C-alpha cells in the first residue's frame with residue numbers, strides 16, 4: 001500500500017493526483033486548449049499536497065505518464081517527476097498514457113481503442129480487450145475508411161481520446177462507439193501506479209526518457 005503522486009501531461013490536460021492504496025484522494029487538472037504545463041504543473045502539485053492530510057516528504061513514489069503524446073507536454077511532466085524523485089529520493093513509476101486512457105471506458109464488453117491525435121490523419125493508438133489486456137501494441141497509424149474494418153464486423157469498439165474527432169469522420173459502422181471529450185487523466189493513473197509499486201516495477205530515474213514514439217518535428221509558425 002502506497003501514497004503516490006501521479007503526473008499526467010501528455011496532452012493539453014495538465015493533471016495531478018495524489019493516491020493512496022490505488023484510490024485517488026485529490027485531483028487537480030485543467031484541460032483547457034493550449035499547453036500551460038510549464039506554468040501550472042508545479043502549482044497543481046503544490047495545491048494537491050496542500051489539499052491532502054500529507055506532506056510531500058511522505059509520498060512513497062512519483063508516477064508519470066510516459067507517452068505517447070505531446071513532445072513538449074511529456075518532456076515537462078517527466079522532467080518534473082524526475083526532479084522530485086531526485087530531491088525526495090523516491091522511486092519513479094512510468095504509466096502508459098494510452099493504457100491509462102483506456103481505463104476511462106466503463107463498459108465491460110467489446111474492444112477499447114484509446115487514441116491520441118497526431119499530425120494530419122494520424123493517431124497514436126493501441127488495442128485493449130474489455131479486461132484492459134493489450135491486444136495490439138502502441139503504434140502511429142494513418143486512419144482510413146478501412147481502419148479496424150475486420151474488428152468492427154465482429155466486435156463493438158469503444159474509441160476514446162482526442163483522436164476520436166478525426167476518426168468519426170472516416171469510420172461509419174454501427175459497432176463503432178465514439179466517446180467524446182476525454183483526455184488522459186492522473187485519476188486513472190492511481191490504480192495502475194499502485195499495481196506497479198507493489199511489483200517494484202520502477203524506472204531508472206537517471207536514464208528514463210518519455211515514450212515519444214515519433215521524433216520531434218518543429219513546425220514553422222504561419223505568417
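Nothing in this text is a laboratory measurement; each read-out follows from the coordinates by a stated rule. Everything numeric here is computed off the predicted structure, so don't read it as measured data. Because the Cβ atoms are built from the backbone with ideal geometry, glycine has one as well, and the counts that use them run over all protein chains shown.
Multiplying the sequence separation of residue 195 and residue 39 by 0.36 nm and subtracting their Cα-Cα distance, what value in nm do you get? Spell out each step's value before the answer.
Numbers: separation 156, 0.36 × 156 = 56.16 nm, distance 3.05 nm.
Taking residue 195 through residue 39 to full extension adds about 53.1 nm, to one decimal.
Which residue, 22, 34, 161, has the most motion in a Gaussian network model of the chain that connects Cα atoms within less than 10 Å?
34
Compute the long axis of helix 71-88 from its Cα atoms, compare it with the longest principal axis of the Cα atoms of the chain, and write down the angle in degrees, 0 to 90, nearest 10.
Long axis of 71-88 versus the principal axis of the chain: about 30 degrees.
Can you give the three extents of the C-alpha atoms in the chain along their principal axes, from longest to shortest, in whole Å?
So the three principal-axis extents are 51, 48, 30 Å.
Based on Cα positions only, what radius of gyration and what Dmax would you give for the range 56-110, in angstroms?
Reported Rg and Dmax, both Å: 13.7, 44.
Among 18, 84, 74, whose mean-square fluctuation peaks in a Gaussian network model of the chain (Cα, cutoff 10 Å)?
Largest GNM mean-square fluctuation: 84.
Using the beta-carbon distance between residue 57 and residue 133 and R0 = 41 Å, what value does 1/(1 + (r/R0)^6) give for FRET efficiency, to the nearest 0.05?
That pair, residue 57 with residue 133, gives E of 0.65.
Principal axis lengths of the range 105-179 from Cα atoms, whole Å, largest first?
Projected onto its principal axes, the Cα set of the range 105-179 covers 31, 23, 20 Å.
Given the options 199, 139, 50, which has the most mean-square fluctuation in a GNM of the chain, springs set between C-alpha atoms less than 10 angstrom apart?
Looking only at 199, 139, 50, the biggest GNM fluctuation is shown by 199.
Report the FRET efficiency, 1/(1 + (r/R0)^6), for residue 154 and residue 46, where r is their Cβ-Cβ distance and R0 is 45 Å, rounded to 0.05. Each step should come with its number before you reach the end.
Numbers: r = 49 Å, r/R0 = 1.09.
Taking R0 as 45 Å, the efficiency between residue 154 and residue 46 is 0.40.
Relative to the first principal axis of the alpha-carbon coordinates of the chain, what is the inclination of helix 37-50, with its axis defined by its Cα atoms, in degrees from 0 to 90 and to the nearest 10?
Between the helix axis and the principal axis of the chain, the angle is about 60 degrees.
Quick check on the chain: of the DSSP beta bridges with both residues there, what percent are antiparallel, nearest 5%?
Details: 25 of 41 bridges.
The antiparallel proportion sits near 60 percent.
Rounded to the nearest 500, what is the 222 nm mean residue ellipticity of the chain from helices alone, with -39500 (n - 2.57) per DSSP H run of 4+ residues and division by all residues? Write out the running numbers ahead of the final one.
On the way: 6 runs with 61 residues, N = 223.
Dividing the helical sum by the residues of the chain leaves -8000 deg cm²/dmol.
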